Amino acid sequence: MQRSRARLTCLILALVVSGCMRTTAPVAVIDNGSLDAIAYGPVQPVRAVSVATTPDSPGDGALDEPYRLNAGDRLRIVVYGQEGLTNTYTVDASGSITMPLIGVVRARGLTPSGLAAAVTSRLKNGYLREPYVAAEVETYRPFFILGEVTAPGQYPYVPNMTVESAVAIAGGFTPRAQRSSIKLTRMGEAGAVRAVVPPGTLLKPGDTVVVAERWF
């Protein structure tokens, strides 16, 4: 009798363990690049997902799309073997550069390599048989910092700048600065993106930083 009860107990334990193995477990769900939304469901294999980066993502510079040109960027364009074409060009307010022979070339929205390809295509069209063109940014367009900083205004952009270093360049916070509310506006392909960002956020050329004023 005791042996039968022992077998029955083992069977019940096995069923309980088996049922536990089929219960649901917490699975993190990415919501706008964060892990603050939690859903529960059956455990599934982890798969890679594409997360759109926003200005409020610290260290987003490593994940951002390639740099795209806009008005104010100063470029060094080299056409090998053609000293008359090799020069420094500035992207004007219309988003274009003007070169000898080929005239106006639209640069806004292109990467430096994309602009080199556009210049190459234009030169091939009746000017040079096999042009070899390289383009690089010599001076980036400036960034802007406004609001509660000592010296708001326009400043030259330096690669790897952060919001914190931009504030330092502008003389630091004023006594009425709301340091926890720093807004960043960035122009993208889909238009302007605005977000409240932490001090360590990487800046890009053309960004506008606004430090809010506290009321108490």
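The values are calculated or read from the model by the stated rules, or taken from the named source; none is laboratory data. It should be emphasised that the depicted structure is a prediction, and the values quoted were computed from it without experimental measurement. All Cβ positions, glycine included, derive from the backbone under ideal geometry; neighbour counts span all protein chains shown. Protein only, heavy atoms only, side chains kept; ligands, DNA and RNA dropped before computing areas. Shrake-Rupley method; radii C 1.70, N 1.55, O 1.52, S 1.80 Å.
Can you pull out the residues in the stretch 154-165 that are closer than 15 Å to residue 212 by Cα and surrounded by 15 or more Cβ atoms within 10 Å (Cβ to Cβ)?
163
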- Query: Taking residue 164, is it farther than 15 Å from residue 70 by Cα and among the charged types (D, E, K, R)?
  - Reply: yes
Open item on the list: For the structure I just gave you, tell me whether residue 71 is modelled with pLDDT under 50 and among the small types (Gly, Ala, Ser).
Closed with: no
Scanning the stretch 82-109 for residues that are of a type outside the set (A, V, I, L, M, F, W, C) and either outside any loop (DSSP other than H, G, I, E, B) or without any contact (Cβ under 8 Å) to a residue 12 or more places away in the chain (or both) gives 83, 86, 87, 88, 89, 90, 96, 98, 103, 106
Problem set entry | Residue check for residue 128: surrounded by 13 or more Cβ atoms within 10 Å (Cβ to Cβ), in a loop (DSSP other than H, G, I, E, B) and of a type outside the set (S, T, N, Q) | yes
Counting only strands (runs of 3 or more DSSP E) entirely within the stretch 144-216, those with at least 1 residues that are without any contact (Cβ under 8 Å) to a residue 12 or more places away in the chain are 177-188, 191-196
Residue 151 vs (1) touching a strand residue (DSSP E or B) at 6+ places or on another chain (Cβ under 8 Å); (2) open to solvent by less than 80 Å² (accessible area, probe 1.4 Å); (3) over 25 Å from residue 105 (Cβ atoms): all pass except (1)
Scanning the stretch 110-125 for residues that are open to solvent by 30 Å² or more (accessible area, probe 1.4 Å), part of a loop (DSSP other than H, G, I, E, B) and not aliphatic (A, V, I, L, M) gives 125
Contact list, first residue from the stretch 118-132 and closer than 16 Å to residue 81 by Cα, second anywhere and assigned to a loop (DSSP other than H, G, I, E, B), beta-carbon distance below 6 Å, six or more apart or interchain, is 120/131; 123/131; 127/101; 132/80
